[in-house]
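Readers should treat all values here as calculations from the given coordinates under stated rules, not as data from a laboratory. Since we're looking at a predicted model, the values are computed, not measured. FYI the Cβ positions are ideal-geometry reconstructions off the backbone, even for glycines, and counts take in every protein chain you see.
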Number of protein chains: 2
Amino acid sequence: MSPKESVCSRSYFLVVMVFVHVYIVNVIALLLYVYYTGEGDTGTAAGPASAPPHRATPAAATATTTTGTAPAPPSPSLPKHHNLSPLGRLQRLEGIKVGHVQRLDLLPNKVHYMKTLSMKPLLFEVPSFLSEEECKLIIHLAKLKGLQESQIMPSDLQHEAIDEMDISKEEIFNLLDYNQDGQLQMKEVLTLLRFGDSTWITPETVQEIYTGLKADPDGNGLLSLEEFKQLNTNAFQTYLRQHGVEKSELVRNSKNAWLYQGEGAHQILRTLRHRVIKLTRLPPEIVEHSEPLQVVKYEQGGHYHAHHDSGPIYAETSCFHTKLVSNVSSALETSCRYVTVLFYLNTVSGGGETAFPVADNRTYDELFLIQNDTDLRDTRKNCDRANLRVKPVQGTALFWYNYLSDGEGWVGEQDEYSLHGGCVVTQGNKWIANNWINIDPDVQRQVKFQQAISKYTNGEAPAKWAIDNIYQDLHVEL
Amino acid sequence: MSPKESVCSRSYFLVVMVFVHVYIVNVIALLLYVYYTGEGDTGTAAGPASAPPHRATPAAATATTTTGTAPAPPSPSLPKHHNLSPLGRLQRLEGIKVGHVQRLDLLPNKVHYMKTLSMKPLLFEVPSFLSEEECKLIIHLAKLKGLQESQIMPSDLQHEAIDEMDISKEEIFNLLDYNQDGQLQMKEVLTLLRFGDSTWITPETVQEIYTGLKADPDGNGLLSLEEFKQLNTNAFQTYLRQHGVEKSELVRNSKNAWLYQGEGAHQILRTLRHRVIKLTRLPPEIVEHSEPLQVVKYEQGGHYHAHHDSGPIYAETSCFHTKLVSNVSSALETSCRYVTVLFYLNTVSGGGETAFPVADNRTYDELFLIQNDTDLRDTRKNCDRANLRVKPVQGTALFWYNYLSDGEGWVGEQDEYSLHGGCVVTQGNKWIANNWINIDPDVQRQVKFQQAISKYTNGEAPAKWAIDNIYQDLHVEL
């Protein structure tokens, strides 16, 4: 056979045709790829399977973020390569400036407007997010489920003695003595007690405890090192437990119910979840596996002193929602609520504003919050001094970030300015609901959690860490 | 000839080989495309021609921005469809929070760190952005070009009488009388004079003018409507022109030179421009056709009172750089400097800090700036009261946005907090350089400008509005 004949063979023709077809398919694939990736960010659902579900934010794409604050070059953290994770980068809405208004298309037949209320925290207000009927129905569902006290009275708590810590009294004293004047001022003591029990501690309470425990024999309201040494670490807690407190003396005075929002839930709750996904532009799979809806009722006299919905993140901190999946045990745990969406279910007759004491402050200073006899976190006394107060209007949604961005499209440090509370209700009842979106600042743990969740929701038996099991025990802390 | 023979022909073989080669090239192109577009935003220059130069920011993709500040639904402005413009969406760096540090890869063999100094304005600091040699060379080039006074003395200015306005004295009086107490306080008068001549007006100057013009016969420092009516609109300007002022009494006391940075410019200036493009991540074609480099020398005693590098934008405002191309004539014009990049070319022995009087303030109030005898804009007197002061260190670059985002990836409103000035130099000289990136808040005008520029740079004779012609006459205003 001559070489020329082999070129003419049927098999050769076949090879050529395969090449031609592969080429055409390839060109079509290229065109499709260019079309769908160049199209902006609307309608990714229709794109081919290869299109990433969440697009990368270009800002800071070449920058590696560090958490250092020193002007000298810090040791930068390793890039986390979020864009390689199946969850992509998280969208974060732009606030632009206080008072800025953006149009939202949340519903086919209604236009919503979202107004920026503060930049620190990044906080928005959306009037008429819920209709009157929706608000009423949610209240109704909560009543059917049954409301429980948001906080158990200290006297009913199991007494667990706090172990004596491994550090000496002198060391604790020095840590508390911010201004290093050798004495503990009232506000230095209050900073410590903030982490204590469910009782709200005021300077008056501390004075009362001092007297009860004979902790301050010279009666000058200051604790010297000598006086401090006489105190048992558990003395304050024990004292409070033995002397009953009024509900109004608690950190929080309200009742609440948790409403399941997952598949099969009441239509109104599913609708609400979908609307929240549209509002926050966060990955639906994350929102779907966040906490259930919390409905809260404040009766006349009810309040909630200013607090953070979720705590600061240290290297060893783990999140409630991912700790079982990621198999980490840590003394430091928090709820990792990246976003809070708060709905006002009724218009309150008197009081009950949501206060942000330090919103848009130039600086945040924990000790500044507690000035001479004026604790800015106290929403029974000092709501009028808050930088920002929002009046409850039925149907309005408030929406803010409890964490900053890490600069790479994921959850970063806690936003301390997100401190907020519920002012005392002076007339009538106040009904609100909270949706929290839980995201682990450790992207790998969140990915692991999502994978485990999707595995179990695909038919297998619910695991012990399924989200609603996790949160059922949390009605005290939340 | 049988069909089989034609399949075997040499020309058929040629066609097949062309197909095969095109196929291979196509696959390589596809791989390159996927590689460069999936890689984040580093090194777009190396990507194939079809890759989009600027990627869309996903935030606010479904929201339409309005500038209204009322809580009630405002009339939203029409969507501008920036993503349809050839310039794409503008990148805006993330500040995260004050003190946040990001790693930058600006040079192949050097890592830079960028620290967030304030969020309002969005302001960054990059130490060692320029090397010592580069700083010295830029100063040298400016000296070769020759430095001119930044501001002409009022006595040398051509006297152009301001036309009597179409509104009555009463109306002007009412406009100035912010607190509507029927009298003009010193600070109310100062707000007016700010827009006046190149002389810096202090309360003492005003008192002097009052005395000189016998404008305030009762001598109480307040102008009543009756007293105001007696004044000629040009009286203040005329008075100042006739009574000579010292250089230290000017708004600005410095010398400057403009250095061309376009194609064919000195290598150091080209390098600087490219580095600024990498730093700001703005479209190269916009940066390339922005203002030339301004080198400024402050001698001992030199200063620049706090000001905005670019003015507010109203519906009728036009930009210096686009007004000729877009053929608009307007009484309101500004430089539309979206970004300022300020380089410290030497370390100053004493004084000369860059002050941002209201950086990160909770609110901005023009009248608040001028309190009883304390004008916060005065950088000869009140630099120590500024919220933020940056010490000049050789090689450091400061970088901030003079405008907010419009929420759709383009230039929005002026950021009033970007107010800044140069504190008085107490010892030695201070050398800085400024790069401004000019972008028209009207995206269509900017597009038109870019198109016209590229047309003329492609061989045709330079037009009368070519960028360096525009700026050559601006050494007074800039």
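Rounded to the nearest 0.05, what FRET efficiency is calculated for B:VAL22 and A:LYS455 with R0 set to 51 Å and r the Cβ-Cβ distance? Display every interim value, and only then the final one.
Numbers: r = 45 Å, r/R0 = 0.88.
FRET efficiency, B:VAL22 to A:LYS455: 0.70.
How high is the relative contact order of segment B:169-248, given as a whole-number percent (alpha carbon pairs under 8 Å, six or more residues apart)? Could you put the intermediate results ahead of the total?
Numbers: 61 pairs, mean separation 24.7, N = 80.
Rounded, it is 31 percent for segment B:169-248.
What translational diffusion coefficient, in µm²/s and rounded to a whole number, does the Stokes-Einstein relation yield for segment B:344-435 at 20 °C and a viscosity of 1.002 mPa s, taking the hydrodynamic radius as the Kirkwood radius over Cα pairs?
So the translational diffusion coefficient is about 148 µm²/s.
Quick one: with label points 7 Å out along Cα→Cβ, list the inter-copy distances for B:LYS136 in nm, shortest first?
Here the equivalent label points are 8.2 nm apart from this one.
For segment B:169-248, just list the percent of Cα-Cα distances falling in each 5 Å bin from zero outward, please.
The distribution over segment B:169-248 is 3, 15, 28, 28, 18, 6, 3, 0, given as percents.
Taking each label point as 7 Å beyond Cα in the direction of the beta carbon, state the distances from A:TYR364 to the same residue in the other copies, shortest first, in nm.
Output for A:TYR364: 2.4 nm, nearest copy listed first.
Which whole-Hz ³J(HN,Hα) couplings does segment B:346-363 yield from phi under the Karplus relation 6.51 cos²θ - 1.76 cosθ + 1.60, θ = phi - 60°, glycine and proline marked x?
Residue by residue, segment B:346-363 yields 8, 8, 7, 5, x, x, x, 5, 8, 10, 10, x, 10, 3, 6, 4, 5, 10 Hz.
For a Förster distance of 35 Å, can you work out the FRET efficiency between the beta-carbons of A:TYR260 and A:LYS110, rounded to the nearest 0.05? Write down the numbers at each step before the final one.
Details: r = 26 Å, r/R0 = 0.75.
Given R0 = 35 Å and the Cβ-Cβ separation, E is 0.85.
For the pair A:GLU171/B:GLU285, report the inter-label distance in nm, with labels modelled 7 Å from Cα in the Cβ direction.
With each label point 7 Å from Cα toward Cβ, the separation is 6.4 nm.
Take the cross-link list A:LYS120/A:LYS448; A:LYS115/A:LYS255; A:LYS381/A:LYS430; A:LYS97/A:LYS136 and give me the ones stretching past 25 Å between alpha-carbons. Write out the running numbers ahead of the final one.
Working: A:LYS120/A:LYS448 31 Å; A:LYS115/A:LYS255 30 Å; A:LYS381/A:LYS430 18 Å; A:LYS97/A:LYS136 33 Å.
Checking Cα-Cα distances, A:LYS120/A:LYS448; A:LYS115/A:LYS255; A:LYS97/A:LYS136 exceed 25 Å.
Taking other Cβ within 10 Å of each residue's Cβ, how do B:LYS448, B:LYS455 sort, fewest first?
Details: B:LYS448 16, B:LYS455 11.
With the fewest neighbours first, B:LYS448, B:LYS455 line up as B:LYS455, B:LYS448.
Using the count of nearby Cβ atoms within 10 Å as a rough guide to exposure, how do A:TRP258, A:TRP200 rank from fewest to most? All intermediate terms of the calculation are to be shown ahead of the outcome.
Values: A:TRP258 20, A:TRP200 23.
Taking fewest neighbouring Cβ atoms as first place, the list is A:TRP258, A:TRP200.
I need the inter-copy label distances for B:TYR260: point set 7 Å along Cα to C-beta, values in nm with one decimal, smallest first.
So the label point of B:TYR260 gives 7.6 nm to the other copies.
How would B:LYS187, B:LYS391, B:LYS381 line up from fewest to most surrounding beta-carbon atoms within 10 angstrom? All intermediate terms of the calculation are to be shown ahead of the outcome.
On the way: B:LYS187 21, B:LYS391 13, B:LYS381 17.
The most exposed by this proxy come first: B:LYS391, B:LYS381, B:LYS187.
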